[in-house]
Structure formats: C-alpha cells, structure tokens
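**Q** First the structure, then my questions, so here it is.
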Amino acid sequence: MSGELERAAALIREGRLVAFPTETVYGLGANALDAAAVGRIFTVKGRPSTSPLIVHVASIEMARELASVWPDAAQRLAERHWPGPLTLVVPKQPHVPDTVTAGLQTVGLRMPAHPMALELIRRSGVPIAAPSANVFMQLSPTSAEHVRAGLGAAVDMILDGGSTPVGIESTVVSLVGQRPVLLRAGMISREEIEALIGPVEVAGSADAGAHAAPGMHARHYSPRTRLVLVRDRAVPARGRGVYLAPGGRMPAEPQGYAAALYATLHELDGQGWDWIAVEEPPEEPAWEGIRDRLRRASARV
Ligand code: AMP
Ligand code: MG
C-alpha cells in the first residue's frame, strides 16, 4: 500500500489526477496549486467552471496557509471537527488559483478523516483540490468500483480504500460574511455547528441570499432512475419500482443510512426499475444532510 501511495503522490506532484477515498465519498484529486492540473478535473467530470472545488489539507496549519483570513469560528470548528466531514469557506490567499475557486476570492477547505487521503496529501506535499469522482450531476462514488465504472480510463490512478464510511458529501459552512452561512447540509448538523459558533443562517433563506453558493444546483446527486420522495409508503401507482425506508430496506439510524444510500442507489440504478420510491426521513437535525441529498436527487430540473 505504501508503494501505491508513493506512486499516487508522485502523480499528484506531476499534475496528474488521482481518485482517492475520503470518509465522505471518493474524490478526484489534483495539486490545488497547479491551475492546469485542476483544469483537467473540470474536463474529466464535465463540471462547469463556475462550480468551485473543495481543497483538502492534512492539518489546520496547511489550511491557514491558503486562507488570507482565518476567523476564530474557523479555528473553533476545525479544532472540534477536523479531520472530518466539514468544509469551511474562508477568504483565499492570492496563490490559490482562480480555477479552483471558480473565480471567487474565497476557498473551501477541509481536512478529511481518512488515513489514505491524509497520507496522500502529506506525501504529495501540496493541498489537493478534489470534487467527487463522478461525472457532473450523477451519483457520487462511495467505492473504487463506482469510480472505475463512472470515470475509468480518464483518471491516472484510483486508490482503493474500500467503502467510504460517512457516505454523503461534507457539510459546507461559509465564514466570509457578517454571519456564518450553511451552504450545504451534511452529517455534521447545523445544530452541532451552532453549539460552537452561535447562529448560522441557511443559504437560500431570505437573509442569506447575498451569499448563496455557486455550484448549488437543485438537481444533483441523482441516479438515472426516477427517484420520488414519498410519505407513508405512497409509492407511484404505475410501473415497477423499489421502496426504500429507514428500518426497511435501509438502516434505521442516520449514520448507517447515509453510509448505505449511494451504494444502494448505484445498485438499483443498474436493475431497470421504473422508479425508486424513498420514504421521507424524519425532520430531525441528524437527518438534514440525507434529506437535502434526497430532495436534490428527486428534483426534475
Ligand atoms: P463537491 O466538491 O461537488 O462536493 O461540491 C463542493 C461544494 O462546496 C459545493 O457545494 C460548492 O458550492 C462548495 N464550495 C466550495 N468552494 C466554495 C467557495 N469558495 N465558496 C462557496 N462554496 C464553495
Ligand atoms: Mg459532487
């Protein structure tokens, strides 16, 4: 494994693309300080250049070198939740290429809680820009097999670390405005963040409108099969499909549910169903990231 990591780190330093596991989903990584390498990520994914990438670091110190301002709130959140599934958006240093941030003067930073990801960053010696390792708008990969099936030969190397334990993308919090803003829900809930830094606005709400995040599309994270959100088992009357509910085909607990969600959707997607009906999970903080992904996966536009 260490030989493989060394080869992967060498590829990153040479400006090539390496897919690697994090605790959330598999990432498609490139040297974040190499604009040409980062440009290849957008090409391979078919991702619009208006959608900024998260930069992965191996320590708080490494994050601070990329930030022109490191607010107290960032320090508090990083100390409590890094390594972990929480991305912090802060003002960027000039040496962070515009390609990474989609031209914004801010950068999203995260220290992933996965030994292979951390080792790859350390051995490369550079921060690694990485979106999910899938074609734009499709389901995120939670195994090396998903990456192979989706991107295959377009990637220079795929590091296989098995299934990703968290299973949905990180919570994203912006710390650039007057007030912190939740840009994307995830398994670290707004409640947990507010416990550390006080009130957090939610992007899309009237108050937070001015900070609305680029790269937030209503339809995203979608299987090809039509996904419908239902209540009380009210599945579509026509066609054949599968019904997913916590405690039924899906784990009853949010952590287990999130970890299983994309793998389940990947699998069902290959089975030719007319629909996948998903019972609306509870309106509780622990489920808010899952509810967000299901809403987007079921959006028709
Ligand atoms: P992805 O890498 O596809 O999982 O998505 C990255 C997420 O981070 C998206 O929701 C982006 O909008 C968000 N993001 C990354 N960098 C920034 C930034 N500088 N400002 C605002 N949002 C960001
Ligand atoms: Mg993605």
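The values are calculated or read from the model by the stated rules, or taken from the named source; none is laboratory data. Remember, it's a predicted structure, so these values are computed and weren't measured experimentally. Note: ideal-geometry Cβ built from the backbone for every residue, glycine included; neighbour counts use all protein chains shown. Heads up: the accessible areas ignore ligands, DNA and RNA and are worked out on the full protein's heavy atoms, side chains in. Shrake-Rupley method; radii C 1.70, N 1.55, O 1.52, S 1.80 Å.
**Q** Can you tell me which residue is farthest from ligand 1 (Cβ to nearest atom) among those in the range 34-59 that are of a type in the set (S, T, N, Q) and surrounded by fewer than 16 Cβ atoms within 10 Å (Cβ to Cβ)? Show your work before the answer.
**A** Of all residues in the range 34-59, those of a type in the set (S, T, N, Q) come to 43, 49-51, 59.
Imposing the further condition that a residue be surrounded by fewer than 16 Cβ atoms within 10 Å (Cβ to Cβ) reduces the set to 43, 49-50, 59.
On the way: Thr43: 15, Ser49: 13, Thr50: 10, Ser59: 19 Å.
Here the residue is Ser59.
**Q** Can you name every residue in the range 176-220 that is surrounded by fewer than 19 Cβ atoms within 10 Å (Cβ to Cβ), of a type in the set (Lys, Arg) and modelled with pLDDT of 95 or more?
**A** Arg179 - this is the single residue of the range 176-220 that is surrounded by fewer than 19 Cβ atoms within 10 Å (Cβ to Cβ), of a type in the set (Lys, Arg) and modelled with pLDDT of 95 or more.
**Q** Right, something else. Please specify each residue of the range 101-133 satisfying the condition of being in contact (Cβ under 8 Å) with a residue 60 or more places away in the chain, near ligand 1 (Cβ under 10 Å from one of its atoms) and surrounded by fewer than 24 Cβ atoms within 10 Å (Cβ to Cβ).
**A** Passing the criteria: Ala102, Leu104, Thr106, Pro131.
**Q** With the requirement that a residue be of a type in the set (A, V, I, L, M) and surrounded by 14 or more Cβ atoms within 10 Å (Cβ to Cβ), what does the range 221-254 give you?
**A** We begin by selecting, within the range 221-254, every residue of a type in the set (A, V, I, L, M); these are 227-230, 234-235, 237, 242, 244-245, 250, 252.
Residues satisfying the conditions are Leu227, Val228, Leu229, Val230, Val235, Val242, Leu244, Ala245, Met250.
**Q** Let me ask something else about it. State which residue pairs qualify: first residue under 18 Å from Leu109 (Cα atoms) and open to solvent by less than 10 Å² (accessible area, probe 1.4 Å) and inside the range 153-174, second residue among the basic types (Lys, Arg) and more than 16 Å from ligand 2 (Cβ to nearest atom) in any location, beta carbons under 9 Å apart, and separation of 6 or more residues or different chains.
**A** Close Cβ pairs (under 9 Å, with a partner that is among the basic types (Lys, Arg) and more than 16 Å from ligand 2 (Cβ to nearest atom)) amount to Thr171/Arg190; Val173/Arg190.
**Q** Based on what the data block shows, is Gly272 outside any strand (DSSP E or B) and either at pLDDT below 95 or surrounded by fewer than 19 Cβ atoms within 10 Å (Cβ to Cβ) (or both)?
**A** yes
**Q** Considering only the range 227-260, state which residues are assigned to a helix (DSSP H, G or I), of a type in the set (A, V, I, L, M, F, W, C) and in contact with a helix residue (DSSP H, G or I) (Cβ under 7 Å, 6 or more places away or on another chain).
**A** Hit for the range 227-260 is Ala258, nothing else.
**Q** If you don't mind, there's one more thing I want to ask. Search the range 275-301 for residues being assigned to a loop (DSSP other than H, G, I, E, B) and at pLDDT below 95, and hand back the single one that is farthest from Tyr243 (Cα to Cα).
**A** It comes out as Val301.
Conditions (1) within 16 Å of ligand 2 (Cβ to nearest atom); (2) out of contact with any helix residue (DSSP H, G or I) (no Cβ under 6 Å at 6 or more places or on another chain); (3) in a loop (DSSP other than H, G, I, E, B), marked per residue:
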residue	(1), (2), (3)
His95	no, yes, yes
Met116	no, yes, no
Leu120	no, no, no
Gly162	no, yes, yes
Ile168	yes, no, yes
Val172	yes, yes, no
Gly177	no, no, yes
Ile193	no, yes, no
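**Q** Shifting gears a bit: Against the condition closer than 30 Å to Ala259 by Cβ, among the hydrophobic types (A, V, I, L, M, F, W, C) and under 15 Å from the mean Cα position of the chain (by Cα), how does Leu28 come out, does it pass?
**A** yes
**Q** For residues that are under 13 Å from the mean Cα position of the chain (by Cα) and away from ligand 2 (no atom under 11 Å from the Cβ), tally how many sit in the range 122-160.
**A** Total meeting the criteria: 2.
**Q** If I go through the range 56-84 residue by residue, how many of them are under 15 Å from the mean Cα position of the chain (by Cα) and more than 16 Å from Ile121 (Cα to Cα)?
**A** 0
**Q** Something else: Taking only pairs six or more apart or across chains, which ones have beta-carbon atoms under 8 Å, a first residue in the range 135-148 that is on the phi > 0 side of the Ramachandran plot and within 16 Å of ligand 1 (Cβ to nearest atom), and a second residue that is open to solvent by 20 Å² or more (accessible area, probe 1.4 Å) and part of a loop (DSSP other than H, G, I, E, B)?
**A** Met137/His217; Met137/Arg219; Met137/His220
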